[in-house]
Structure formats: C-alpha cells, structure tokens
Amino acid sequence: MIRGLYVGRFQPYHNGHKAFIQKIAEEVDELVIGIGSAQMSHTVRHPFTAGERILMISRDLTSLDIPIYIIPLEDVKRNSLWVSHVVSMCPPVTMIYTSNPLISQLFLEAGRHVVCPSGLCPHKVLSSEEWCSLVKSGDDWVSYVPSDTVRVIEDVGGVERIRLITQTDESVASGNMQPQTLPSFSGCEPNVIPSSDRS
C-alpha cells in the first residue's frame, strides 16, 4: 500500500493545491495532508486558523475515493528536526509529494522517497500575501480558490478579517480604518519549520 504525504500551509486552500492533490490521489492508496504552521493565524501571511484550513480541504475533497488524513503540524524552529517532527505527528508514509525545494531536500536527507512532479497546476497561483491584497482591494479573489473554500471564508468572516489585519498603524492614526463587525463563527472552531521557507 502506498500512503503519500503532502504538506502545505493552505493559506488559503486554493485551486493549485486542489489540482496537486487530485494528481497525487491517482498514485496513492491513502493520502496524509499536513497543515503546516498550524499554530499561526490572523496575519497577512497566515490569515486562517488550522481548523478553518481543515474545513476548506475536507469539504472540497469529499469526492476523492481514497482515505485522507488531515494533520495539523505546528512549526519547529530547526530545519534539521522538522522531518522527525512531521513523521511523529503523521501516520506512516511511503512517499513525500512536494514542489517545495526545502521540503524536498529535508526529506531526501532523511532518506525518504520524494516525488516532485511538475506541470500539475493549470491554474495561476498567488502567494497568501498577493491573495490577501486582492481581498483587501475588493478585486477578484474567488476565482483562485475552490467553491468550498469560498464558503468557509464567508462563513468565518474571512474577508472582514483580512481587511482588518491588512490595516496599518498609519491608517488607524489617520482615521482611515474602517469600522469592523465581528463575524459569527458557525460550525468552525478556531483551532518550526520556518514558515517563510515551507509553504
């Protein structure tokens, strides 16, 4: 049996992640998805909680015909220890799938079999900062994420959160900060590897 591992921050879970996972699912019997930087939320680089990211992924992947395990992974601050940390938190895996050079190198050094497919994503992919910028400015952000991700973001007040966390001290001091209303969180509980390098 082949059990694969795919680690990402999923901030948010987007169409590129979905395409990658669908391709991996054709090659494995079971899939472990690691939610990286699980302790981080409410920043421009990490706007969503681990619980919210789990909802985005689990709701979107219900059509896959293989078992999927979604595991939150908190950061550790030493790359040399990160693989051991991930392995201790996840079910045993035989294949590591990644397009991230650092993750690939760390697992290769640990003697793991790493697959780095290319050309899997037919979609334009944005960094979390670029995506948050679209949300803040009111531009099209919906086309970059699956419909289930859109629903989770709307359910948890994600648009309002991003507009709030992208405010600066200067905008508050100048009186340009918009009044905020806290969202009601229906059915979603809030829940190192240096996050700057492992996405």
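The values are calculated or read from the model by the stated rules, or taken from the named source; none is laboratory data. Since we're looking at a predicted model, the values are computed, not measured. These accessible areas exclude ligands, DNA and RNA; they are computed on the full protein's heavy atoms, side chains included. Shrake-Rupley method; radii C 1.70, N 1.55, O 1.52, S 1.80 Å.
Couple of notes before you dig in:
- Solvent-accessible surface (1.4 angstrom probe) belonging to C90, in square angstrom, nearest 10: 20 Å²
- Averaging over all projection directions, the Cα-based convex hull of the stretch 1-120 occupies 7.1 nm² in the image plane.
- The relative contact order of the stretch 1-130, computed from alpha carbon pairs under 8 Å that lie at least 6 residues apart in sequence, is 32 percent.
- Accessible area (Å², 1.4 Å probe, nearest 10) - H113: 100 Å²
- Averaged over its residues, the stretch 1-114 has an accessible area of 42 Å² per residue, based on protein heavy atoms and a 1.4 Å probe.
- Taking amide H as placed 1.01 Å from N in the peptide plane, Y69 has its amide H under 5 Å from the amide H of L31, V32, I33, each at least 5 places away in sequence or on another chain.
- Surface composition of the stretch 6-119: carbon and sulfur make up 53 percent of the accessible area, probe 1.4 Å.
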